[in-house]
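Written below as C-alpha cells is the structure these notes are about.
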Amino acid sequence: MPEPDGSDGGEAIRKRIEAARAELKPKVRSFGPAGDAHLAWRMVVDLVAGVGVGAAVGYGLDVLLGIQPVLLAVFTLLGFAAGVNLMLRTARDYQRKSSGGNPSGG
C-alpha cells in the first residue's frame with residue numbers, strides 16, 4: 001500500500017535489509033583469558049606431540065634396524081625442533097591476528 005506522500009514504504013524494507021546484514025556480519029572474536037589459555041595449551045600440546053612422534057619414529061626405526069639409541073636421539077631432537085617451529089608459527093599467527101592483520105605488529 002503506497003504512502004500518502006507518494007513513497008512506497010521503501011524505508012521499512014531498507015531497515016529490514018540492514019538488520020539482516022548486521023545479523024549475518026561476522027562477529028569479531030575476542031580472545032580474553034580463556035582464549036589465551038587455550039592458545040597456550042595448544043602450543044604445549046604441539047611441542048609434546050612433536051617430541052613424542054619423533055621419539056616413537058626413532059625408536060621404531062632403531063628396533064627395525066637394530067641400532068638402538070642412535071635414531072631415537074636423532075628423531076627426538078627433530079621432533080623437538082618441529083614442535084618449537086610449530087609453536088613459533090602459532091605465536092606469529094596469534095600476534096598477526098591480535099594486531100589487526102598487520103605483520104609488522106604496529
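Some observations on this one:
- Those residues of region 55-84 which are open to solvent by 80 Å² or more (accessible area, probe 1.4 Å) and closer than 21 Å to VAL44 by Cβ, in sequence order: LEU77, LEU78, PHE80
- Filter result for GLY58 (touching a Leu at 6+ places or on another chain (Cβ under 9 Å) and modelled with pLDDT of 85 or more): yes
The values are calculated or read from the model by the stated rules, or taken from the named source; none is laboratory data. Keep in mind that this is a model prediction, so the values were computed, not measured. All Cβ positions, even for glycine, are placed from backbone atoms using ideal geometry, and neighbour counts span all protein chains on display. Only protein heavy atoms, including side chains, enter the accessible area calculation; ligands, DNA and RNA are left aside. Shrake-Rupley method; radii C 1.70, N 1.55, O 1.52, S 1.80 Å.
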